[in-house]
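Worksheet: one structure, shown below.
Nothing in this text is a laboratory measurement; each read-out follows from the coordinates by a stated rule. Bear in mind that the values here come from a model prediction, so they are computed numbers and not experimental data. Reconstructed Cβ throughout: ideal geometry from the backbone, glycine too, with neighbour counts over all protein chains shown.
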Amino acid sequence: SQQGEEDPQALSIQEGENATMNCSYKTSINNLQWYRQNSGRGLVHLILIRSNEREKHSGRLRVTLDTSKKSSSLLITASRAADTASYFCATDGITFGKGTHLIIQP
Amino acid sequence: EAGVAQSPRYKIIEKRQSVAFWCNPISGHATLYWYQQILGQGPKLLIQFQNNGVVDDSQLPKDRFSAERLKGVDSTLKIQPAKLEDSAVYLCASSSRPTYSGNTIYFGEGSWLTVV
């Protein structure tokens with residue numbers, strides 16, 4: 001069974017807007033990782049947040065982690081057309097959710 | 001640095017036939033993973049190796065799937081006999097150490113399997 005569940009399943013926004021997607025999980029974790037997958041390609045690691053961290057930044061990405069609620073969020077600021085992809089959270093980098101399909105409209 | 005190499009990229013077989021996928025991880029990476037990704041879903045871990053030993057194969061359908069990593073480097077995943085529901089992308093990935101310790105997983109481009 002899949003541990004992480006992303007929400008929403010699909011998201012369509014205008015270029016330049018911010019995109020937020022959420023991930024919920026069920027059991028305790030050591031870390032939570034976010035990945036991007038472009039259509040027909042492999043997954044690319046975006047960012048890792050450890051269980052003792054609450055927030056982490058990397059360029060236009062901001063990730064938060066709330067272990068009490070067993071949830072995480074990924075914020076992409078100032079979206080670009082190239083951000084169009086599916087985004088997955090993975091607990092301990094292994095158990096993936098079903099993903100959020102993000103479409104950035106020019 | 002070369003990435004994770006997989007072959008073949010695409011394969012079409014008839015049900016009940018067999019198929020094998022090959023993976024060469026990033027040099028020096030001790031941990032190797034095989035995932036199955038069905039269209040529209042997230043990857044599902046099939047098997048995880050640490051060097052040439054199996055760490056987790058709890059979701060591997062062992063009646064038809066097998067995997068080996070004999071010398072602790074490259075790996076093969078075999079399906080025999082294939083079923084229609086095995087149609088998926090098979091992703092190989094590697095990391096220098098297990099990801100629960102915070103190491104990044106690097107994925108290959110995947111092997112696309114269609115069973116007809």
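Some observations on this one:
- Legend: calculated FRET efficiency, residue A:50 to residue B:71, from the Cβ-Cβ distance at R0 = 30 Å, rounded to 0.05, equals 0.35.
- Average other protein chain Cβ within 10 Å of Cβ, residues B:99-111: 6
- Compared with the rule-of-thumb size 2.2 N^0.38 Å for a compact globular protein, the range A:1-97 has a Cα radius of gyration ratio of 1.01.
- GNM result for chain A, Cα springs below 10 Å: residue of A:56, A:26, A:69 fluctuating most strongly: A:69
- The tail of the calculated P(r) for the protein assembly as shown beyond 26 Å holds 36 percent of all Cα-Cα pairs.
- For A:26-39, mean number of other protein chain Cβ atoms within 10 Å: 2
- Sequence-separation-based contact order of chain A, relative, with Cα cut under 8 Å and 6+ spacing, percent: 40
- Fewest-first ranking of A:55, B:68, A:5, using other Cβ atoms within 10 Å as the exposure measure: A:55, B:68, A:5
- Of interest is the spacing of the C-alpha centroids, which for the range B:13-76 and the range A:55-99 amounts to 26 Å.
- Each residue of the range A:74-80 was assigned a 3J(HN,Hα) from its phi angle through the Karplus expression (A = 6.51, B = -1.76, C = 1.60, θ = phi - 60°), giving 10, 10, 10, 8, 6, 4, 10 Hz with x at Gly and Pro.
- For the set A:98/B:44; A:98/B:11; A:26/A:98; A:70/B:62; A:56/B:44, the pairs lying more than 21 angstrom apart at their alpha carbons are A:98/B:11; A:70/B:62; A:56/B:44.
- With 10 Å bins beginning at zero, the pair-distance distribution over Cα atoms of the range B:62-116 amounts to 20, 43, 30, 7, 0 %.
- For residue A:84, the residues whose modelled amide H falls within less than 5 Å of its own, excluding neighbours fewer than 5 places apart on the same chain, are A:104.
- Using alpha carbons only: equivalent-ellipsoid semi-axes of the range B:5-115, gyration tensor based, whole Å: 23, 14, 13
- Bridges between two residues of the range A:5-105, per DSSP, are antiparallel at a rate of about 90%.
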